[in-house]
Amino acid sequence: MSNRGNRVPTTATIFAAVLLLTTALPAAAAQSGQIHGQPDLQGIWQAFGNTASDNIEPHIATQGVPASVGVVVSTEDGLIPYRPEALARRDENSANREELDRVNQCYKPGIPRLTYMPFPFQIVQTPGRVMMYFEWIHNTRTVNLDRDEHLEGMLFRNGDSIGRWDGDTLEVTVGNFLEDAWFDATGNWHGANAEIVERYTREGPDHMTYEVTVNDPEVYTEPWSMRMTLYRRVEDNFRLLEYECHYYRDQELELGIFAQ
Amino acid sequence: MTGAMKAMQAMNEMTNVGTVQMTDRNLTPRTRRHLAALGAVVAVLAVAWPVDLLAQPGGRGGPGGPPAEPAGPFTRTTDGRPDMTGYWEGGFFVGIQNVETPRTIVSPSDNMLPYRPEYRAETDAIRAGNMYLEPELHCYSSGVPHQMYLQFGFQIVSNPGIVAMAWEFMDSYRIIPVDGREHIPANMKLWMGDPIGRWEGDTLVVETTSQNGRTWLDTGGHVTTDQLYVVERFTMTNIDTIEYEATLTDPVAFTEPVIMVETFRRNTTPGFEQMEFACISGNQDRENYPASQGGPAPDVAPEERAGAGFEEQ
């Protein structure tokens, strides 16, 4: 027993020394929160509890939708500074949401809505790209760090994302939208010509502040912004799974194959 | 869990030494001793291999400095693994429509899938008159290994503890944890299955379980079952080449394992990037699929059909 008692700390000591020797560089990088010389945002993230996916403005509860003071932070009343005709369009969207909401058709929801839908997403970084992989219909976003202008003449449902590091914050400018898009299931919307700037700032190992500024003079009287917290999924063995919206929809409507 | 899988699990835990992801919270004393022994080996390697471990983070093309010189045949990640990060192209023009070619299937020796009779009959019936069942026509994911030889190429990000792959086609991705974790419960079935990776030397080995049996091995009707188990091996042979091998085991559909091969070459186009692929909103194929192949649309004469769709786009 005494032999064994002596061996264990020896092994542990060797292990610790070896670990120091072999992992000094990556361990230091992890402590300072860096990967590829960039702030490390890697992990699986999810918005919780703010119900922004249902309605980004302040709202009381309705059946199945919890109440929230909203996520719009740039206006005192928490409301989006719509022009009158744009507000009327929002109300029309809301009244016809079942039919008009792209998410109900399983289309790509646009940015920023994809970020705070009630599904996790994972960030993985390279020197020139910040990749975001979403559980929701395996949407994939490439944030390109290697160029500072949008692609000419190319339009996308989730927009064209170009990023840069502002200190420890990842700032992503999103433009080139294919069409008007919604922020939430209530029909709050922006135009295809909107410019959206997202800011991702890690606040610690398990939290990230997500801020979005929306500029679309055709729709709003002034630029406005929202802010929320993204939470890192810390459960053991957590991973992205699948939410194949269109497959479930096909089954409901008895379209496609494998309808049962 | 089989004995072999448990052995792999133990190896996975051991190979975590030297990565920033390592944690010893859940390790048994025995595994700790294994780690210590492996750590000593790694220490020797580190002395013999200082250039790679001290390489500039991010390797070639990293920000804030001149491009790093490739160390040997390829660069390495900060934990000493082959750095596969970049964009890659496969030989999709061969296997994508029909995997039963010598270029793709190297075993069995007749380059054919060793189907049991009922699965060969199912595939033949699909090819004869029910191609409407093709999953990709409906924007359903392709499964593994079919995903690996799709059109438009793919991106790999290999960072310590994780290898992520993303395709322009259908915006699909595979996130492969290389951190010693276990598979999801066997009753869960996914279109892309559940991949788990480990390093065997410089080869990335990926085991994929839990596929749903609804995907095909190509666009040509070669069916699978939910008992398909795939082991893939990714081996970089130089900075611009990955040799790929997939071993498919399916005791329900196949009489023996199938081995498929592919070579991925780096896309070195400056500034290359993958674009959005909005399959669901853009899909017009499905509603126009002809009845003679199981679709909802009337058949049209070839002279009326040919090229019409392309002109309209």
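The values are calculated or read from the model by the stated rules, or taken from the named source; none is laboratory data. Remember, predicted model here, so these are calculated numbers, not experimental data. Note that we place each Cβ from the backbone using ideal geometry, even for glycine, and neighbour counts take in every protein chain shown.
Brief remarks follow.
- When residues of segment A:168-185 are limited to those that are outside any strand (DSSP E or B) and touching a residue at least 60 places away in the same chain (Cβ under 8 Å), the one surrounded by the fewest Cβ atoms within 10 Å (Cβ to Cβ): A:D168
- The set of residues in segment B:242-266 being surrounded by fewer than 16 Cβ atoms within 10 Å (Cβ to Cβ), within 18 Å of B:A166 (Cα to Cα) and either polar (S, T, N, Q) or in contact with a helix residue (DSSP H, G or I) (Cβ under 8 Å, 6 or more places away or on another chain) (or both) consists of B:T263 alone.
- Verdict on B:S210 being small (G, A, S) and touching a helix residue (DSSP H, G or I) at 6+ places or on another chain (Cβ under 7 Å): no
- Yes/no for B:P270 being surrounded by fewer than 19 Cβ atoms within 10 Å (Cβ to Cβ) and over 30 Å from B:Y132 (Cα atoms): yes
- Count of segment A:83-134 residues which are under 17 Å from A:E198 (Cα atoms) and assigned to a helix (DSSP H, G or I): 4
- Qualifying positions in segment B:218-246 - touching a strand residue (DSSP E or B) at 6+ places or on another chain (Cβ under 8 Å), away from every other protein chain (no Cβ under 14 Å) and in a loop (DSSP other than H, G, I, E, B): B:H222, B:L228, B:I239, B:D240
- Criterion (surrounded by 15 or more Cβ atoms within 10 Å (Cβ to Cβ) and at pLDDT 50 or above) met by exactly one of A:P81, A:P66, A:P26, A:P58: A:P81
- Apart from one condition, A:V172 fits all of (1) in contact with a strand residue (DSSP E or B) (Cβ under 8 Å, 6 or more places away or on another chain); (2) more than 11 Å from A:I111 (Cβ to Cβ); (3) away from chain B (no Cβ under 14 Å); the exception is (2).
- Residue check for B:F264: more than 14 Å from chain A (Cβ to nearest Cβ) and either of a type outside the set (K, R) or out of contact with any strand residue (DSSP E or B) (no Cβ under 6 Å at 6 or more places or on another chain) (or both): yes
- Taking segment B:134-155 as the range and being of a type in the set (F, W, Y), away from chain A (no Cβ under 11 Å) and either farther than 16 Å from B:G90 by Cα or in a loop (DSSP other than H, G, I, E, B) (or both) as the test, only B:F152 passes.
- So B:F264, is it in a loop (DSSP other than H, G, I, E, B) and at pLDDT 90 or above: no
- Just one of the numbered conditions (1) at pLDDT 95 or above; (2) within 14 Å of another protein chain (Cβ to nearest Cβ); (3) crowded, with 17+ Cβ neighbours inside 10 Å is not true of B:C279: (1).
- Residues that are buried (at least 16 other Cβ atoms within 10 Å of the Cβ) and over 26 Å from B:E276 (Cβ atoms), drawn from segment A:91-109: A:S94
Each row is one residue, and each column tells you yes or no for (1) of a type in the set (G, A, S); (2) at pLDDT 95 or above.
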residue	(1), (2)
B:E69	no, no
B:P73	no, no
B:G86	yes, yes
B:T104	no, no
B:P108	no, yes
B:R116	no, yes
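- Residue in segment A:198-216 that is assigned to a loop (DSSP other than H, G, I, E, B) and crowded, with 22+ Cβ neighbours inside 10 Å present: no
- Test: A:E149 is within 13 Å of chain B (Cβ to nearest Cβ), free of Cβ contacts under 8 Å to residues at least 24 places away in the same chain, farther than 25 Å from B:R174 by Cβ and not hydrophobic (A, V, I, L, M, F, W, C): yes
- Residues satisfying the stated conditions in segment A:225-251, i.e. in contact (Cβ under 8 Å) with a residue 40 or more places away in the chain and within 12 Å of another protein chain (Cβ to nearest Cβ): A:F238, A:R239, A:L240, A:L241, A:E242, A:Y243, A:E244, A:C245, A:H246, A:R249
- Meets criteria (without any contact (Cβ under 8 Å) to a residue 24 or more places away in the chain and closer than 20 Å to B:S172 by Cα) for B:D218: no
- Selection from segment B:156-186 of residues that are facing chain A (nearest Cβ under 8 Å), under 23 Å from B:E200 (Cβ atoms) and not in a loop (DSSP other than H, G, I, E, B): B:V157, B:N159, B:I162, B:A164, B:I175, B:P177
- Considering residues of segment B:187-217 that are under 14 Å from the mean Cα position of the chain (by Cα), of a type in the set (A, V, I, L, M, F, W, C) and outside any loop (DSSP other than H, G, I, E, B) only, the residue farthest from the other protein chains (Cβ to nearest Cβ): B:V205
- Of everything listed in (1) in a strand (DSSP E or B); (2) over 22 Å from the mean Cα position of the chain (by Cα), the single unmet condition for A:W45 is (2).
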